[in-house]
Amino acid sequence: MVVQRLDIHRRDRGERALVTLVGTIGPATVALLRAALEQCLRDGMTAIDVDLATVGSCDAKGLDVFLTASERADRVHSCLRLRHPCAQIARLLAATDSVSLLNDPPGASPSADAQQGDGDRTSGPVVKDGIRLRRLTREQAEGVSEDIADLAVEPAAGLSAHADRQRDAFLDRLAVSARRPGFALLVAETTVLVGCAFGFPVGPGAGSERGLQEGVQRLTGCARFMLLTQVVAHHHTQYRDIGRRLQQRLLADRHAALGVVLLGPADRAGQAAFESWGWRNCGEMVGLPGRGAPCLLVLFRESGPVLVPRVARPGRA
């Protein structure tokens with residue numbers, strides 16, 4: 001009886017992983033392969049290149065591991081690609097219509113063994129406790145807007161008309177915010193999306209936000225701030241800290257000392273959630289065109305200057 005063996009070697013370069021396999025992929029080795037690929041995703045790799053040049057064969061179970069890992073990678077905006085398969089593996093991929101595993105996605109950067117730099121560290125993902133925070137471009141945000149909207153729907157809403165309204169309202173806010181200069185969106189990911197936050201900067205001469213900018217400056221002394229138009233965190237106690245981490249990372253990425261949120265006076269649940277994340281409720285803000293009198297909440301960046309809002313307690317700003 002021949003004992004199957006599979007040696008796995010991994011080399012990281014920035015956010016990419018090159019996984020080199022040596023041996024046979026079969027019933028006795030698929031568990032090792034699955035664990036190695038899942039670890040790459042947990043570590044926040046945005047691309048996983050699997051070198052098969054020294055793999056003699058792969059069975060259907062091994063192919064299923066690759067397909068499952070590729071699907072999970074796609075869900076967190078990563079990618080998994082197979083390189084240099086032998087003839088048997090190439091035939092297996094062709095027979096099962098899985099040749100897409102050999103192709104790079106459109107616009108992909110060079111593979112790990114050809115890449116020369118680590119990229120932009122400022123906007124790169126931050127991984128902590130198995131949760132990755134990553135900034136998306138406008139185009140990337142459009143591509144996953146439906147997935148992000150699923151987070152905004154309350155679990156109890158199910159497939160009701162109320163859930164549809166929640167989704168539509170979220171997508172409208174995302175579309176409007178994405179058109180603003182300086183728009184930024186962060187997502188929190190494990191092997192699935194578990195949170196997001198987005199908004200845009202506001203400063204002197206902000207046009208339609210002039211009244212808000214002047215009011216916030218009077219209250220806090222900050223002339224520039226980040227207006228967060230949505231923060232969503234997965235409804236699970238394991239992820240209770242995601243909202244705060246998303247907000248602080250968004251402020252840091254945009255070099256903003258202050259975050260601002262406007263919520264409806266009747267949105268008690270929303271106000272309570274933001275207050276649990278460390279936001280200070282400054283009360284209702286009157287005089288904003290088209291907004292009624294929303295509640296103004298502010299949050300100072302943890303690593304920023306120590307500033308004290310000029311509002312002593314909630315009231316009418």
Query raised in the report: In region 171-213, what count of residues is obtained for those that are of a type in the set (A, V, I, L, M) and within 21 Å of V286 (Cα to Cα)?
Result: 3
Query raised in the report: Which of the residues belonging to region 92-137 are modelled with pLDDT of 80 or more, of a type outside the set (A, V, I, L, M, F, W, C) and over 21 Å from L41 (Cβ atoms)?
Result: T96, D97
Report task. Return the residue satisfying two criteria in turn: it lies in region 167-203 and is at pLDDT below 80 and not in a strand (DSSP E or B), and of such residues it is surrounded by the fewest Cβ atoms within 10 Å (Cβ to Cβ). Result -> V192
Requested in this report: Kindly indicate whether any position in region 223-246 is at pLDDT below 90, part of a helix (DSSP H, G or I), within 15 Å of R138 (Cβ to Cβ) and open to solvent by less than 10 Å² (accessible area, probe 1.4 Å).
Outcome: no
**Report entry** Close pairs (7 angstrom Cβ cut-off, 6 or more residues apart or separate chains): closer than 13 Å to L296 by Cα in region 263-276, of a type in the set (S, T, N, Q) anywhere
**Finding:** L263/Q271; Q271/N281; E275/N281
Query raised in the report: Could you give every pair whose Cβ atoms fall below 9 Å, whose first residue belongs to region 62-81 and is closer than 15 Å to I25 by Cα, and whose second residue is among the polar types (S, T, N, Q) and not in a helix (DSSP H, G or I), counting only separations of at least 6 or pairs across chains?
Result: G62/T24; G62/T29; L63/T96; L63/S98; F66/S98; L67/T96; L67/S98
Query raised in the report: Is there a residue in region 91-103 that is within 24 Å of the chain's Cα centre (by Cα) and not polar (S, T, N, Q)?
Result: yes
Query raised in the report: How many residues does region 263-276 contain that are open to solvent by 40 Å² or more (accessible area, probe 1.4 Å) and either closer than 19 Å to S177 by Cβ or in contact with a Pro (Cβ under 8 Å, 6 or more places away or on another chain) (or both)?
Result: 2
**Report entry** Pair list, Cβ under 6 Å, 6 or more apart: region 166-195 residue farther than 25 Å from R224 by Cα and charged (D, E, K, R), other residue open to solvent by less than 50 Å² (accessible area, probe 1.4 Å) and in a strand (DSSP E or B)
**Finding:** E189/R132
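The values are calculated or read from the model by the stated rules, or taken from the named source; none is laboratory data. Note that the structure is a prediction, hence the values are computed from the model and not measured. Counting neighbours? That spans all protein chains shown, and the Cβs are built from the backbone with ideal geometry, glycine included. Calculation scope for accessible area: heavy atoms of the full protein, side chains included, ligands and nucleic acids excluded. Shrake-Rupley method; radii C 1.70, N 1.55, O 1.52, S 1.80 Å.
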